[in-house]
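None of the figures in this text is laboratory data; all of them are computed from the coordinates on show. Everything numeric here is computed off the predicted structure, so don't read it as measured data. Cβ coordinates were reconstructed from backbone atoms using ideal geometry, including for glycine residues, and neighbour counts include every protein chain displayed.
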Amino acid sequence: MTAIDQSSTPPEMRLGLAKRGYSGVIQHLDATEVNSSLPAIELESRLIELGFVEGARVEVLHEGIIGRDPIAVRVENVTVAVRRREAMAVVVV
């Protein structure tokens, strides 16, 4: 058996933690531990409708002045604004 080299795989992180200029690829959505007023399934559905789907390229374009919230995110070729707490449901590498 050969060991898998995991050093070449970038670590997963939540999009809500990303700073301006970050770019990556969506791995999956996970709203189970997100502090949102929406139920997890509804939050995931809304994010999918906005284009946050597995494999999509994302880039954080702008952060709000107060508390760095909301953030402007380019998903493929569309720019959307999302709250950081809702962006915590998006897992990226």
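Observations
- Residues residue 77 and residue 45, FRET efficiency given R0 of 25 Å [Cβ-Cβ distance, rounded to 0.05]: 0.70
- The long axis of helix 40-49 is offset from the longest Cα principal axis of the chain by roughly 90 degrees.
- Most mobile of 29, 47, 15 in a GNM of the chain (Cα contacts under 10 Å): 47
- Debye equation applied to the C-alpha atoms of the chain, log10 I(q)/I(0) at 0.12, 0.18 Å⁻¹: -0.36, -0.75
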